[in-house]
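Every read-out reported here was derived from the displayed coordinates using simple, explicitly stated rules and does not represent laboratory data. Small disclaimer: the values here were computed from a predicted structure and weren't measured. For neighbour counting, all protein chains shown are included, and Cβ atoms are generated from backbone atoms with ideal geometry for every residue, glycine included.
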C-alpha cells in the first residue's frame, strides 16, 4: 500500500486506494468508492490552527474533526494549517525538541476561537515517561486536569537546571522555579541536591 487519499465535498465522500508496484514503485488506482453524504445540517466552516513559539516549525500535529457528519483525522508537519468541518474533536501536538515552548491558537474562519492560556512544553525524554502515572488532579484555568505531582515537578526543574547544555537564562529561570516550589512546599528541601541547594538564597 502506497497511500490512502480521502477527498471530501459537501455531498460526496470519495476514496481512492493507490498501490505501488513492488519493483518500479509506480502507483496505480486499485479501488475507488464514493458515497452520498446527504448532509442537511449547517455549512462546514474553515478552522485555522497556528502553533506559535520555539519549535513550532519542527512538530507533528494530528487532528480529529467532524466534517458534514463524517469523523476524520489527519497528520501534518507544519506550524499552520486549515481544515473544513463542523467542529474539532481534539488536536495532538508532538515534538522531538525537549525545549519546545508553544502556544496553540485556533480560529474559526477569521475569528479567534481559542488560544491556550499556558505555553505547551513538549518532550519525549525518557526521564519524563513515568510522570503521567503519578499525575494528580488540579484546577488549570478553570478546568480540572491531571498534572505532574509537586515532587515530579521539582525533579524536572532540578534536571533542567543541572543540564549544562541549556541557555544560562533558562537555567536561572529553573532555579527561580525551584526556589518558589521550596517556599510553597518546605518539605521538598530534602529532595534537592546539596549543589543545587547551595545556589538558592533564602
* If we count other beta carbons within 10 Å of each Cβ, what is the order of 59, 91, fewest first? -> 91, 59
* Return 60, 105 ranked ascending by Cβ neighbour count within 10 Å, so the fewest neighbours appear first. => 60, 105
* Structure fact -> Cβ density ranking, 10 Å radius, fewest first, applied to 131, 161 yields 131, 161
